[in-house]
Each structure stands twice: as C-alpha cells, then as structure tokens.
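Report on the structure given below.
The values are calculated or read from the model by the stated rules, or taken from the named source; none is laboratory data. Predicted, not measured: the structure shown is a model, and the values here were computed from it. Note: ideal-geometry Cβ built from the backbone for every residue, glycine included; neighbour counts use all protein chains shown.
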Amino acid sequence: MKLLSLLLALCMLNGQLLLTGEFKVYANEPMQSLSWKALPDLPDSLGVAGPYVGTDNGVLIVAGGANFPEPVWENAKQWHRAIWVLREKQGSYEWVAAGELPGPCGYGAVVSIEQGLLCMGGNDANSVLRECFLLNWDEKSQQVEVLPAAPLPEPNVYGQAARIGNYVYLACGQKEAGLDSATKTLWRMDLSHSDDPQKWTWEKCTEVPGEARALHVFVAQKRGADDCLYLMSGRSQRGDEVLYLQDNWEYTPRTDSWRQLPDLPACVMAGPAIALDSNQILILGGDDGQYFLRADELRDNHPGFPRKAYLFNNATEQWKTFATNHENQVTTSAVRWQGKIIIPSGEVRPRVRTPHIWQVIPSGE
C-alpha cells in the first residue's frame, strides 16, 4: 500500500510568499515535489481569465482576457485590452503597463516564436475571432508592439497551440460561442514558409480522434527520436449532454498519425500544462466538471476547482496524481520564464478570477 506524506513549509523571502509542498510516495515510486513562490500580483486587482500569456525578449507578457466586475454575480463579463509586462531587475520584479491590444479580447491560443508571442483567435463580447497577431517587447520604449499575422482559416476560441521546430500546431476549439461548434481539426503552419508573418499559411493534418472538444490540454514533448504532441481531456457536447473528457492522444508529425494512450485520472478542463524533462508532462489543476452545471446554484459557495496535479510519463505511459496545488487556476497558461514555470492569473471558481502570479518549481529542476 502506498504511503503518502505531506510536508508544508511557509516562509517569507524578500517580502514574497514562499510555499513549498513536498509529497513523498513510497512503494517503488520516486519522490515528487512542487515549490510555489508568489510573484507580484497582476496590477488588475480582479485578475483575468483567458489572457494571452507568454514570453518575449526576456519578459513575461499577460495581455487581454476577461473578468466580471464585483459583485460578480450581478455584472456581465468584460473583456480587456491591456498588455502587462513583468520584468526582473537585480532580483526584484515589477509590472509595466506596456500598451493595448487592437481590441478587448481573450481565450485565444498562444505560442512563443522567434518573431514574438503569436496570439491566435479568441473571442470578444460579440464574436469568435480569426485574427492573429504578434506581441513584441521593446526594451527601449518599454512597450509591446502589436504586429499583424495571417488570420486563421476559421474562427477559433478555446483552442490550444504548441510548437515543434518550424511548425505551429493549433488543435480543436470552438468556431462559435456554443460548445456544439467544437471541432476535431488539427491545423499546422510552417514558420519557414515566409519571413512575412502576414503570408504564413495553414494546412490541415489528420483530425483528432474521439470527440470534438474545447478547453483541452495540448503539449509538445519528445518520445524517443520523435517530437510528439499530446492532446488530453477538455469538454465536448453530444446533443444536450455535456461530456467531461479524460482521453489522451499522441500525435506523431512524422507519420501524421494519432495513437490513444491511457486515460487521465480525471477531467482537467482548461488546466495549465507544460512539458518537463525526461518524457514528463505536468498538468497543474483543471476543472473536473463535478460542479460545472451547478455554478448558478452554488455561486459563492462553489468550492473551487480540485487542487490536484497530474504527471504523465510518455515512456512508461503511466499517470501519477502526486500533489495538491496551493491554488488551482484554470483558463490560463503555464509557461517557462527564467527557467521556471509561471502560472499567471486565471479563474479559481466560476466568475471569480485571481491576480496571483505563481512561480512553480518541480523537484529535480
């Protein structure tokens, strides 16, 4: 029988909260741990869900997104256009108001490339978007420049993107506001096709097996000699029924083919995920759907999303539920910045966002 031991240490470091959760699992399993360090909160005190998040020229960018003004159950969702940049100087962090997006929007797919932070699709208060743009941080002006890029072949919101080499992949998502418009489409764009981002073109790959979906996990990770893509979980709709997906698929670009892998221990809708070393993929939370249809009933009594983390090893094809998160933020991204995992802002329960920015350090990194 497995023995799980938990050690929590709480201290202050340079005026910043440092929370370390160490979780030891015995019975021939390696110890796993996560250290959580709070970085300065997003200047928007409510926080945002669905921001365009990534890095460029050494800074962290958090742009756009949406929230509900307080009291959250009495006000409509508002989209934002503010671009915030977090930079580090001599061990201290500060936020910079670095410009605005062309319009208030969020919930698009994002990937960092040499030309900047590529933002794809999303939505605003009126429609699902096809537009794509690049965000470039200019150190001299202390502003983010917004540059146009070729649009998507079709509108897309709640899709997910990943990069392998010169290719950017965009998987699934919704074409319209309703979940019944979710797709199985896997798009691919070759960055080497042109030096002009407005001339980039998209092509279809073999579609995703299983259900059409949105709010899924999509991560690139190496397996053997191949760079592969892993598409997991999400939400789908079949007639009037909402499906909380736990399936797990591996895509190999070399063969343009999919392979089904062991299901997740739980649904992780909109959970931030990132590739680690040694064939591992870490999912930091997500919504399991338990209270999804009860949000209006529970309101402020909603317990929040499950505080669990999941680790998948694509070599052994095994899952581990190995940690309880300090905070489960969904509809945001996990990105690498300064060699650490960053989870910025996001949603902690229906209609409620958080301005918290967490630096997460897995053991062994």
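A compact table of results
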read-out: Qualifying residue in the stretch 143-152 (condition: out of contact with any Phe, Trp or Tyr (no Cβ under 9 Å at 6 or more places or on another chain) and closer than 26 Å to E211 by Cβ); value: no
read-out: Residue in the stretch 225-241 that is basic (K, R) and either surrounded by 13 or more Cβ atoms within 10 Å (Cβ to Cβ) or under 27 Å from L179 (Cα atoms) (or both) present; value: yes
read-out: Subset of the stretch 320-348 (residues that are under 18 Å from L46 (Cβ atoms) and at pLDDT 95 or above); value: Q329, V330, T331, T332, I343, P344, S345, G346, E347, V348
read-out: Residue pairs meeting the criteria (Cβ under 8 Å; at least 6 apart or on separate chains; first free of Cβ contacts under 8 Å to residues at least 12 places away in the same chain, in the stretch 248-267; second surrounded by 15 or more Cβ atoms within 10 Å (Cβ to Cβ) and hydrophobic (A, V, I, L, M, F, W, C)); value: R259/W249
read-out: Contacts under 6 angstrom Cβ, first residue in the stretch 288-312 being at positive phi and of a type outside the set (A, V, I, L, M, F, W, C), partner loosely packed, with under 13 Cβ neighbours inside 10 Å and at pLDDT 95 or above, 6 or more apart; value: none
read-out: The stretch 139-174, residues that are in contact (Cβ under 8 Å) with a residue 12 or more places away in the chain, over 25 Å from I274 (Cα atoms) and charged (D, E, K, R); value: E139, E145, E154
read-out: Flag for A270 being of a type outside the set (D, E), within 16 Å of S33 (Cβ to Cβ), under 16 Å from the mean Cα position of the chain (by Cα) and buried (at least 20 other Cβ atoms within 10 Å of the Cβ); value: no
read-out: Lone qualifier among Q143, Q174, Q160 - being of a type outside the set (G, A, S), surrounded by 15 or more Cβ atoms within 10 Å (Cβ to Cβ) and in contact with a helix residue (DSSP H, G or I) (Cβ under 8 Å, 6 or more places away or on another chain); value: Q174
read-out: Options R254, R259; residue that is basic (K, R), touching a Phe, Trp or Tyr at 6+ places or on another chain (Cβ under 9 Å) and modelled with pLDDT of 95 or more; value: R259
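The rows are residues; the columns are (1) buried (at least 16 other Cβ atoms within 10 Å of the Cβ); (2) touching a His at 6+ places or on another chain (Cβ under 6 Å); (3) assigned to a loop (DSSP other than H, G, I, E, B).
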| position | (1), (2), (3) |
| --- | --- |
| G289 | yes, no, yes |
| A295 | no, no, no |
| G304 | yes, no, yes |
| Y310 | yes, no, no |
| A315 | no, no, yes |
| H326 | yes, no, yes |
| T332 | yes, no, yes |
| I343 | yes, no, no |
| V348 | yes, no, no |
